[in-house]
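A.B. asks: The structure that follows is given in the form of structure tokens.
The values are calculated or read from the model by the stated rules, or taken from the named source; none is laboratory data. These figures come from a predicted structure and were not determined experimentally. With ideal geometry, Cβ positions are generated from the backbone for all residues, glycine too; neighbour counts draw on all protein chains shown. SASA here: full protein model, heavy atoms, side chains in, ligands and nucleic acids out. Shrake-Rupley method; radii C 1.70, N 1.55, O 1.52, S 1.80 Å.
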Amino acid sequence: MLDDFMTRATLAGIGVACAAAPLGCFVVWRRMAYFGDATAHAAILGVALSLAFELSIFPGVLAVALIMALVVTQLAGRGYAMDTLLGVMAHSALAFGLVAVSFLSGIRIDLMAYLFGDILAVSRTDLLVIWGGAALVIGLITWRWSGLLASTLNEDLAHASGFDPRREQLILTLCLAITVAVAIKVVGVLLIAALLIIPAAAARVAARTPETMAAIAAVIGTVSAVVGLRGAYVLDTPAGPTIVCVAAIIFAALNLVRFRGHRPT
Amino acid sequence: MTLINVRNLSVAYGANTVLRDVDLTVSPGEIVTIVGPNGSGKTSLLRAIIGATPPAQGSVDLKPQLKIGYVPQRLHIDQTLPITVERFMRLTDRASRNTCKDALDAAGVPDLLDRQMTQLSGGQFQRVLLARALINSPDILLLDEATQGLDQPGSAAFYRQIETVRAQTGCAILMISHDLHVVMSASDRVICLNGHVCCQGTPAFVASAPEYRALFGAGTGGALALYRHDHDQHHDHNRNAAE
């Protein structure tokens, strides 16, 4: 079954969508959308470093994304405006990454594959990495769910109930780095943030509790991956962007339904 | 055994020391109120007690396994976060739907279980916060200016609710308040804070202390007198009605 590249691609897409859904909800609730962008852009630097030191891509990207996320978290606590900080960090990391790639003489790498992903080239090993990472992210978030939610609502409230908001933030940061590292192959650096945010934002319209929002986001992400891949195959379009397009259409459709529903008759 | 024992506590943010040498104890069943001007370190003291701010000096000792019900000063729920009142009630504690319902009934806001938190009025929201803090029968309730944003009748009703809670459950209460007249009527002990403990004792003692008057001025004295006057009259009314 896994011999078929379409099957492997679909499974990879579903894996990333399922990890991105609950994580994306926290990114939306905490207004960390650009945090996801910054971590993803830093991943290009990770790709360059992995190639330079002849490591496999996953640990390199994971390490750089994690360092990036930790630096931003630390600096944000010291009075820098978050959007400025992320703007500086995200684009510097991307620029340094692109420059670093150009120094790699003798290796021709397809940069487009990392910017936009190459889901159709997912191997069995990639699939293992993606599902392992996704399971880890889903496990961590499920385990810490109460603490994460309480910290998101009010840090002092979390403290009073015995949670440590800084530790919860660290867990989110770690999950974000893992998700970026596993998703880079599927949708690429430029569209990872889209897969985090769009399904969660679309799910907000239909959800009444945090848990249902995460579940609906996972369904929307999965549908986007399956329909997007099929669409890419039929229409001969790039796979990663097509998946994101499907998610965006679902977002628009759900909002349209809601606005029509709220219109006074 | 005391629930909270703060000794010689100092709290600093960088080079800025906001609290110096604070001693404070709270015993079971006590209502203790902290008053003080803006920037006097009231919230820092409460945050040090819940462990959100590490002490620069001194110590904060809580009774082992102390169950704290915390009502924050403000709680902003982002529009992107869908959460029903029922789900919010069990944010940090397990509780059945019936337990949540009973807690809301007791807080005077029945029938809210399935409403979204973001759709509540200010008064309903504060009462839900209080009901949530009480759901796990805490040993002590911590309130940080819990009536901010409520009008006079609203905050009066809120404090009546708190007195009822103490009478019914016997839980201790440590609160920060700006409503000085409420402080004077409801507290067992008042602590006047201004970077350090200026004075503390019974409400009547603190009200007459020169340190307190220096901080809150003569205007407050007037308001207090007015309130006491009201209070006496209220009792007279009752007596007349009974006759």
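A.B. asks: Near residue B:103, within a Cβ-to-Cβ distance under 12 Å, what is the net charge of the other residues, with Lys and Arg +1 and Asp and Glu -1?
C.D. replies: Surrounding charge for residue B:103 is +1.
A.B. asks: List the residues whose amide H sits under 5 Å from the amide H of residue B:198, counting only those 5 or more places along or on another chain, with H placed 1.01 Å from N in the peptide plane.
C.D. replies: Here the answer is B:192, B:193, since their amide H atoms fall under 5 Å of that of residue B:198.
A.B. asks: Also, I was wondering about something else. Excluding residue A:170 itself, calculate the net charge of residues whose Cβ lies under 15 Å from the Cβ of residue A:170, where each Lys or Arg counts +1 and each Asp or Glu counts -1.
C.D. replies: For residues surrounding residue A:170, the net value is +1.
A.B. asks: Then there is this: Just reorder B:67, B:42 by solvent-accessible area, largest first, 1.4 Å probe, all chains present.
C.D. replies: Reading off the accessible areas and sorting them downward yields B:67, B:42.
A.B. asks: Return the tail of the calculated pair distribution for the protein assembly as shown, meaning the percent of Cα-Cα pairs more than 28 Å apart.
C.D. replies: Cα-Cα pairs of the protein assembly as shown separated by over 28 Å account for 62 percent.
A.B. asks: Could you pull out every whole DSSP H run in chain A that spans at least 15 Å of Cα extent along its own axis and averages 1.0 or higher on the Kyte-Doolittle scale?
C.D. replies: Long hydrophobic helices here: A:5-29, A:33-52, A:57-76, A:82-103, A:124-143, A:165-183, A:192-206, A:210-235, A:239-262.
A.B. asks: Take the Cα of residue B:79, step 7 Å along the line toward its Cβ, and report every residue of the stretch A:20-55 whose backbone nitrogen sits under 17 Å from that point.
C.D. replies: Residues A:28-33 fall inside that zone.
A.B. asks: Okay, moving on. Determine, from the Cβ-Cβ distance of residue B:16 and residue A:123 and an R0 of 60 Å, the FRET efficiency 1/(1 + (r/R0)^6), rounded to the nearest 0.05.
C.D. replies: 0.60
A.B. asks: Further question on the same structure: In Å², rounded to the nearest 100, what is the total accessible surface buried by chains B and A against each other with a 1.4 Å probe?
C.D. replies: Summed over both sides, the interface buries about 2200 Å².
A.B. asks: Straight-line reach from residue B:63: which lysines have a Cα under 27 Å away, not including same-chain ones fewer than 8 places off?
C.D. replies: The reachable lysines, counting only those whose Cα sits under 27 Å from residue B:63, are B:42.
A.B. asks: Also, I was wondering about something else. So for the stretch B:1-119, averaging the separation of alpha carbon pairs under 8 Å that are six or more residues apart and normalising by length, what relative contact order in percent results?
C.D. replies: 24 percent
A.B. asks: Using a 1.4 angstrom probe and counting only protein chains, how large is the accessible area of residue B:175 in Å², to 10?
C.D. replies: 0 Å²
A.B. asks: Something else: Calculate the FRET efficiency for residue B:121 and residue A:135 from the Cβ-Cβ distance with a Förster distance of 51 Å, rounded to the nearest 0.05.
C.D. replies: The pair residue B:121/residue A:135 has a calculated efficiency of 0.75.
A.B. asks: Next question. For A:233, B:70, B:13, give the ranking by accessible area with the largest first, probe 1.4 Å.
C.D. replies: Correct descending sequence by accessible area is A:233, B:13, B:70.
A.B. asks: Give the distance, in whole Å, between the Cα centre of the stretch A:126-179 and the Cα centre of the stretch A:40-77.
C.D. replies: The stretch A:126-179 and the stretch A:40-77 have Cα centres spaced 19 Å from each other.
A.B. asks: Using packing as a proxy for protection, rank A:36-44, A:64-72, B:97-105 so that the peptide with the highest average count of other Cβ atoms within 10 Å comes first.
C.D. replies: For the peptides A:36-44, A:64-72, B:97-105, the packing ranking is A:36-44, A:64-72, B:97-105.
A.B. asks: Sort out for me the Cα centre separation of the stretch A:191-219 from the stretch B:137-177, rounded to whole Å.
C.D. replies: Answer, in whole Å: 37.
A.B. asks: Could you pull out every residue, at least 5 positions away or on a different chain, whose amide H is within less than 5 Å of the one on residue B:61? Hs are placed 1.01 Å off N in the peptide plane, and Pro or chain starts have none.
C.D. replies: Here the answer is B:5, B:6, B:7, since their amide H atoms fall under 5 Å of that of residue B:61.
A.B. asks: A follow-up question, please. For residue B:34, list long-range residues whose amide hydrogen, built 1.01 Å from N in the peptide plane, is under 5 Å from its own amide hydrogen.
C.D. replies: Under 5 Å from the amide H of residue B:34: B:175, B:176, B:177, B:191.
A.B. asks: Count the net charge of all other residues whose Cβ sits under 14 Å from the Cβ of residue A:242, scoring Lys and Arg as +1 and Asp and Glu as -1.
C.D. replies: Overall, the nearby charge balance is -1.
A.B. asks: Work out the mean other chain Cβ neighbour count within 10 Å for the residues of B:81-90 and drop it here as an integer.
C.D. replies: For peptide B:81-90, the averaged partner shielding equals 5.
A.B. asks: If you don't mind, another one. Stretched out fully, how many nm does the piece from residue A:142 to residue A:233 gain, at 0.36 nm a residue minus the Cα gap?
C.D. replies: Gain on extension, residue A:142 to residue A:233, equals 29.3 nm.
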